[in-house]
Amino acid sequence: MARRLNILEHALSSLLRRKQKNLAIIVVYTLTVATIASVLFLTQSLRSEAVNVLAAAPDIVVQRLAAGRHDLIPIADAEQIRRMPGVGKVEPRVWGYYYDSLKKVNFTLMGVKDSPTNLPLLQGTFPANNEQCTLGKGIAEAYGVTIGDSLVLVDSSNSSKLYQVSGLFIADSELLTNDLILLQEAELRRFFKLPDGRATDLAVEVYNQREVATLAKKIKLALPDSRPIGKTEILHTYDTVFNWRSGIMLTLFASALIAFCILAWDKATGISADEKREIGILKAIGWDTNDVLLLKFWEGLAISLTAFLLGAIIAYLHVFFYGAGLLAPVLQGWSVLFPQFNLTPAIDLYQLFVLALLTIVPYIACTIVPAWKTAVTDPDSVMRS
Amino acid sequence: MPTLIETKDLCKIYNRHKPDELQALSDVAFSIDQGQVAVLKGPSGSGKTSLLSLIGCMARPTSGSIRLADKDVAKLPERFLAELRRDLFGFIFQQFNLMRELSLFDNILLPLYPTEISGKEMKSRADEILRQLELGDRKQQKVKQLSGGEQQRVAIARALINQPEIIIADEPTAHLDRALTEELLTILARLKQNGKTIIIATHDPAIYQQQELIDRSYLMHDGNLLEVERL
């Protein structure tokens, strides 16, 4: 044990001797890890946000299609769906998008009748009358309002209306509520000039999750102009989109990784005359090949682990504290560019482990192999230097 | 005193079966008793360093035997040879072979790192040797900042830190002036008094003419040990 610690101590002091060279390697290594880890963290976090969103989403959303486009659905269709065996609740939902051209912000406006149980509040209450609204965090921050303040929205008739903020959303998933404004349903219909007897879509609850696909087919048969979308289908779409986007990013950054590997290989295989001489000295004064390899292992581990941890920390801060400023525009898509939202930290340890494996192990190998080649030769060459 | 090192029919050929093959040693018979000082004289390229390398377990002979305290070490696996180099030998090289970017103190500790000796014990040993060689006040200085004489003393300190039985010195005065050579001779005499066995390769008369110090004198020429003088 003492031997290992002694060699570790020497390895660390050895690294300090070549400060500039090792610092340069750590910087390049850290940036490579930080970039790739940022993509992984961001993708994983968005996927996890999507899962959170879908946890609160209905089992099936039924939309109506007219000429291949989303149209309002008759509320009477809800009754037909409700009569199908296996279906629980069917809720007509009224919602729409609102764009504030001054702030250049996209919102989702949703109508509610009672207090929705799947949307936890940070503070305050849901809108109790046509003069109140409940806001997501992103909107509150964009307008600088809080409970009790007033918010002006311009309706479909181009008239401004003042709403009193009655509550703010808590954010387990910021993606879910960040850009959401709740109004009373009647007020929302007036706001968007939506006709009575029609809804934006129908939210269907299914008792047995394994029946979701079958019921979706039955709904399609019963209502041919409808488009039933299952929860897993949405999740799959999110997954595909994020995987595709992160795939593109990772392909781009693969060149960075390859450049790093070339650097590491060059550094390792091009063991300098000085390093060869040092290995010779160590062997001559009683170090055996294993001791030299242990020394090189500690050196490689110290550099690669330091750089990997720094890279992972920088990526974590970049993604979860600074909103992934460098990558978010590519990975998130237009609808969530504004208002700003902070991602909920979600890390896939398996991905992190693979990244560690793909960077630390090759680096250590690149350090050890050439040292081994030198260390297995007789040390008497040092006597002749 | 018992014979500590004995070689028989020792041959060393470098780059064997290659165009630049070189016979460095031919049938060398060398011996030294415990506590003696032996000197290998001879011009450059005569095979002194090759013989020291083989005796010091840094290389393997092409043929012949090397008996160290009555054990044949010529065919031992590398890790045993490394152990012998660490536990039995202290080396003083012609070019000092110090790590220039390390401090004097860290250089001295190098042979002890791959041992089970604790950090505290290592440092106390190093402090003691530095005190004996009057280098205590400079221990944190980098080797590259030291004079030639000081570097020589650091090399000696490193050779002694593992408390070796045998000290091998290859042209130890090659880079020293007369005063520093005198200083080295004093140190070697002290080591002899302490019972160390010392083998010195040199062509410096200031060393090989030290009759009080030298017990055996060998002359090497073209890889042959031509003459043995027992003083």
Next on the checklist: I need a count of the residues in segment B:87-98 that are within 7 Å of chain A (Cβ to nearest Cβ) and either surrounded by 21 or more Cβ atoms within 10 Å (Cβ to Cβ) or hydroxyl-bearing (Ser, Thr, Tyr) (or both).
Outcome noted: 3
Checklist entry - Is there any pair with a first residue in segment A:1-24 that is more than 9 Å from chain B (Cβ to nearest Cβ) and a second that is crowded, with 16+ Cβ neighbours inside 10 Å and among the aromatic types (Phe, Trp, Tyr) whose Cβ atoms are under 6 Å apart and which are 6 or more apart or on different chains, and what are they? => result A:Leu8/A:Trp298; A:Ala11/A:Trp298
Checklist entry - In segment B:99-127, how many are more than 14 Å from chain A (Cβ to nearest Cβ) and more than 21 Å from A:Ala2 (Cα to Cα)? => result 0
Next on the checklist: of a type in the set (Phe, Trp, Tyr), in contact with a Leu (Cβ under 9 Å, 6 or more places away or on another chain) and more than 12 Å from chain A (Cβ to nearest Cβ): is that true of B:Phe30 in this structure?
Outcome noted: yes
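Here is a yes/no grid of residues against (1) farther than 22 Å from B:Asp70 by Cα; (2) surrounded by 13 or more Cβ atoms within 10 Å (Cβ to Cβ):
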position	(1), (2)
B:Glu6	no, yes
B:Tyr14	yes, yes
B:Asp33	no, yes
B:Pro43	yes, no
Item to check | Matching residues, segment B:160-194, being within 12 Å of the chain's Cα centre (by Cα) and under 24 Å from B:Leu146 (Cβ atoms) | outcome: B:Leu160, B:Pro164, B:Ile167, B:Ile168, B:Ala169, B:Asp170, B:Glu171, B:Pro172, B:Leu188
Item to check | Any hit, segment B:195-208, residues being at pLDDT 90 or above and either over 18 Å from the mean Cα position of the chain (by Cα) or of a type in the set (Lys, Arg) (or both) | outcome: yes
Checklist outcome for this item: Those residues of segment A:27-70 which are of a type in the set (Gly, Ala, Ser) and surrounded by 17 or more Cβ atoms within 10 Å (Cβ to Cβ) amount to A:Ala34, A:Ala37, A:Ser38, A:Ser45, A:Ser48, A:Ala50, A:Ala57
Checklist outcome for this item: Checked against (1) away from every other protein chain (no Cβ under 12 Å); (2) aliphatic (A, V, I, L, M); (3) buried (at least 20 other Cβ atoms within 10 Å of the Cβ), B:Leu133 satisfies every condition except (3)
Item to check | Residue among A:Ala273, A:Ala324, A:Ala328, A:Ala312 that alone is small (Gly, Ala, Ser), crowded, with 20+ Cβ neighbours inside 10 Å and either at pLDDT 90 or above or more than 29 Å from the chain's Cα centre (by Cα) (or both) | outcome: A:Ala312
Checklist entry - From the set of residues in segment A:1-14 that are at pLDDT below 85 and either among the small types (Gly, Ala, Ser) or surrounded by 19 or more Cβ atoms within 10 Å (Cβ to Cβ) (or both), which is farthest from B:Glu101 (Cα to Cα)? => result A:Ala2
Next on the checklist: Considering only residues that are over 21 Å from A:Ala56 (Cα atoms) and surrounded by 17 or more Cβ atoms within 10 Å (Cβ to Cβ), which ones fall in segment A:193-217?
Outcome noted: A:Leu194, A:Arg198
Next on the checklist: Considering only segment A:131-149, I want to know if a residue exists there that is under 29 Å from A:Gly197 (Cβ atoms) and surrounded by fewer than 17 Cβ atoms within 10 Å (Cβ to Cβ).
Outcome noted: yes
Item to check | Residue among B:Lys71, B:Lys75, B:Lys18 that alone is more than 11 Å from every other protein chain (Cβ to nearest Cβ), more than 22 Å from B:Glu171 (Cα to Cα), among the basic types (Lys, Arg) and in contact (Cβ under 8 Å) with a residue 12 or more places away in the chain | outcome: B:Lys75
Checklist outcome for this item: Those helices (runs of 4 or more DSSP H) completely within segment A:102-193 that have 2 or more residues that are at pLDDT 85 or above are A:137-143, A:185-192
Item to check | Lone qualifier among B:Leu84, B:Leu54 - being touching a Leu at 6+ places or on another chain (Cβ under 9 Å), within 12 Å of chain A (Cβ to nearest Cβ) and over 27 Å from B:His203 (Cβ atoms) | outcome: B:Leu84
Checklist outcome for this item: All-but-one check, A:Leu252 against (1) surrounded by fewer than 21 Cβ atoms within 10 Å (Cβ to Cβ); (2) modelled with pLDDT under 70; (3) under 26 Å from A:Ile139 (Cα atoms), failing number (3)
Checklist entry - (1) modelled with pLDDT of 90 or more; (2) within 19 Å of A:Ala375 (Cα to Cα): which one isn't true of B:Ser65, the others all being true? => result (2)
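The values are calculated or read from the model by the stated rules, or taken from the named source; none is laboratory data. Computed from a predicted model, the values in this text were never measured in an experiment. Every residue, glycine as well, gets a Cβ built from its backbone with ideal geometry; the counts of neighbours run over all protein chains shown.
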